[in-house]
1. Does Lys129 satisfy being over 14 Å from the mean Cα position of the chain (by Cα) and at pLDDT below 95?
2. Looking at the range 1-33, which of the residues that are loosely packed, with under 12 Cβ neighbours inside 10 Å and of a type in the set (A, V, I, L, M, F, W, C) is farthest from Gly60 (Cα to Cα)?
3. When both residues are 6+ apart or on different chains and their Cβ atoms are under 7 Å apart, which pairs have a first residue that lies in the range 8-25 and is touching a residue at least 12 places away in the same chain (Cβ under 8 Å), and a second that is assigned to a helix (DSSP H, G or I)?
4. Of the residues Lys129, Lys68, which single one is of a type in the set (Lys, Arg) and farther than 25 Å from Gln14 by Cβ?
5. Restricting the first residue to the range 71-97 and requiring it to be within 24 Å of Thr52 (Cβ to Cβ), which pairs with a second residue that is surrounded by 12 or more Cβ atoms within 10 Å (Cβ to Cβ) and among the charged types (D, E, K, R) meet a Cβ separation below 6 Å and a spacing of at least six or different chains?
6. Take the range 81-115 and flag every residue that is open to solvent by 60 Å² or more (accessible area, probe 1.4 Å), assigned to a strand (DSSP E or B) and within 20 Å of Ala46 (Cα to Cα).
7. Quick one: count up the residues across the range 116-129 that are open to solvent by less than 60 Å² (accessible area, probe 1.4 Å) and either over 20 Å from Thr22 (Cβ atoms) or of a type in the set (Gly, Ala, Ser) (or both).
8. Looking only at the range 34-56, filter to residues that are open to solvent by 30 Å² or more (accessible area, probe 1.4 Å) and hydroxyl-bearing (Ser, Thr, Tyr); which one of those is nearest to Gly97 (Cα to Cα)?
Amino acid sequence: MVRINITSVFVDDQDKALRFYTEVLGFQKKVDVPLGGPRWLTVVSAEEPDGTELLLEPDGHPAVGPYKTALVADGIPCTSFAVDDVFAEAERLRGLGVRFTQEPTDMGTVTTAVFEDTCGNLIQIAAEK
């Protein structure tokens, strides 16, 4: 059986990303391996410490800048995280200074919202109904 083990988001600063993803979103650091500059740096859900890891991957590759810029310009999130209540989580995040580009929106079978992660990405949160 194939499972998702690690997925990634490209970030412009790994330290800033680690602070945002842990202190604001509530993930916890899983792996932090120095590689002579950038690090192999992953976070996981505090509720699932052995679950899927999110790699905070440096965005230094020449293709990444145009990719991230195009996604943000079109309002497309690079990934989506599940939450129990989008409205409550959006309120919590707003209280921590997070800027939303899409307020919580009923999409039929799911409610979504989109925010900036401070590292050059749009992130979606979603809750199934």
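1. Working: over 14 Å from the mean Cα position of the chain (by Cα): yes; at pLDDT below 95: yes.
In short, yes.
2. Initial filter on the range 1-33 (loosely packed, with under 12 Cβ neighbours inside 10 Å): 1-5, 15, 23, 33.
With of a type in the set (A, V, I, L, M, F, W, C) added as a condition, the list becomes 1-2, 4, 33.
On the way: Met1: 33, Val2: 29, Ile4: 24, Val33: 18 Å.
By that ranking, first place goes to Met1.
3. Once the first residue is touching a residue at least 12 places away in the same chain (Cβ under 8 Å) and sits in the range 8-25, its partners that are assigned to a helix (DSSP H, G or I) give Phe10/Val64; Phe10/Lys68; Val11/Ala17; Val24/Leu93.
4. On the way: Lys68 fails: farther than 25 Å from Gln14 by Cβ.
It is Lys129.
5. Matching pairs, first to second residue: Val83/Glu89.
6. Hit for the range 81-115 is Ala82, nothing else.
7. Just the residues of the range 116-129 that are open to solvent by less than 60 Å² (accessible area, probe 1.4 Å), to begin with: 117, 119-127.
Keeping just the survivors that are either over 20 Å from Thr22 (Cβ atoms) or of a type in the set (Gly, Ala, Ser) (or both) gives 120, 126-127.
The qualifying residues number 3.
8. Taking the candidates together, the pick is Ser45.
The values are calculated or read from the model by the stated rules, or taken from the named source; none is laboratory data. Bear in mind that the values here come from a model prediction, so they are computed numbers and not experimental data. With ideal geometry, Cβ positions are generated from the backbone for all residues, glycine too; neighbour counts draw on all protein chains shown. These accessible areas exclude ligands, DNA and RNA; they are computed on the full protein's heavy atoms, side chains included. Shrake-Rupley method; radii C 1.70, N 1.55, O 1.52, S 1.80 Å.
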